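Each remark here refers to the structure printed beneath this line.
The values are calculated or read from the model by the stated rules, or taken from the named source; none is laboratory data. No experiment lies behind these values; they were computed from the predicted model shown. Here the Cβ is made from the backbone with ideal geometry for all residues, glycine too, and neighbour counts use every protein chain on show.
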Amino acid sequence: MMRTTVTSLTQKMVVAWRKEFKRCMSSIVTRATGKDKQSSQILVSPPLVSLDFPEIWGSSSDHDNPPSGHEICGPRTAAIIDGKSIAEEIRLGIASEVRRMKEYTGRVPGLAVILVGQRRDSETYVRNKMKACEETGINSSLVELPDDCKEDEVINALSHFNEDPSVNGVLVQLPLPEHLDEEKILNVVSLEKDVDGFHPESMGNLAMRGREPLFISCTPKGCIELLIRSGVTITGKKAVVIGRSNIVGLPTSLLLQRHHATVSIVHALTKNPEQLTSEADIVVTAAGVPNLVRGYWLKPGAVVVDVGTCPVEDPTAELGYRLVGDVCFEEAVRVASAVTPVPGGVGPMTIAMLLSNTLDSAKRAYEFT
């Protein structure tokens, strides 16, 4: 009798939670679609702990050439998810908050970046981050070290920023030269200033139900924000993440699980990756392989988030190359319901999330709400 009563009570709690969850998500979608103009919230994705509920199971009565029967045909049907436009909207909100912080506290957030070597792509990324800081009113500092610098030089620069109260976010631009121990260097970054979200404690809290990480990795956070703002339902959907890096693939899979998707990870040793991917409602790919994901890999109506950014030679382009993603865009738009472009999709969102994390760090440090 008591067991029946406890079970009944638990089920009622779950039903109540689910009703409240639907109400909250409805409110999130309303803000994302711009119907609630009174809200000053910058991001629409909710705190992760607000998504946790009791885990109660109900009862249940060759990649380049598509296989036969999988030809891609028909006109383009997919909506293009404009990451550039969404990121700009977020940055405007951040700039407004920075101005308010300066007015009430006399201080603004500060971001410090360490760049080692002269990789063209890394220099471009850092330049874009510095420009974004300037546009939103965030102070930025840059330390540039030669490619052959010693480990101690990087660590000393990090330690200086860790101790500087005017710096709220510290990041090391990756990848580092091979002679440097990336893990050792990243572990020096203070947890309270690790706005890249790479700290083991942040990653661990992301993986554990009931925990809220201090920071969520910028690219995965941007992917989820894009999905929510585009009105995509994550709860209950099948999701495939292609790639399992610590920077994108792993945290993205954990974040999707926290949003109640059923997640599979596809990697280089996965058998029949196209078959697994073709069952997914949501595909997030971060393999770094140009045009890996073909149209026949995709379930009709799937939502595709392409994190890949791959330079390919193009003599007609101004720089002699152009950027493409992991997804064969021309084929995907004829199968998917929505897809992010490369460039102009996830990239701008990554920077916007970096600024958002830096602002959050400053709010904590200055006790500003």
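Condition check ((1) crowded, with 17+ Cβ neighbours inside 10 Å; (2) touching an Asp or Glu at 6+ places or on another chain (Cβ under 6 Å)) across all residues:
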{"residue": "147", "(1), (2)": "no, no"}
{"residue": "159", "(1), (2)": "no, no"}
{"residue": "171", "(1), (2)": "yes, yes"}
{"residue": "180", "(1), (2)": "yes, yes"}
{"residue": "193", "(1), (2)": "yes, no"}
Residue match in segment 311-325 (condition: under 19 Å from residue 84 (Cβ atoms), assigned to a strand (DSSP E or B) and at pLDDT 95 or above) | no
Of the residues 159, 85, 122, 166, which single one is within 24 Å of the chain's Cα centre (by Cα) and at pLDDT 95 or above?
-> 85
Check residue 76 against each of (1) of a type in the set (Lys, Arg); (2) modelled with pLDDT under 95; (3) over 27 Å from residue 300 (Cα atoms) and name the one condition it does not meet.
-> (3)
Among the candidates 204, 231, 210, residue that is touching an Asp or Glu at 6+ places or on another chain (Cβ under 9 Å) and farther than 22 Å from residue 111 by Cβ | 210
Where in segment 112-200 are there helices (runs of 4 or more DSSP H), lying fully within it, with 2 or more residues that are polar (S, T, N, Q) and more than 29 Å from residue 42 (Cα to Cα)?
-> 151-163
Mind telling me which of the residues 316, 309, 277 ends up being β-branched (Val, Ile, Thr), assigned by TED's automatic domain parsing to the domain that holds residue 247 and in contact with a Phe, Trp or Tyr (Cβ under 9 Å, 6 or more places away or on another chain)?
-> 277
Pairs where the first residue, in segment 348-367, is closer than 14 Å to residue 225 by Cα and the second is of a type in the set (Phe, Trp, Tyr), C-beta under 7 Å, 6+ apart = 357/215
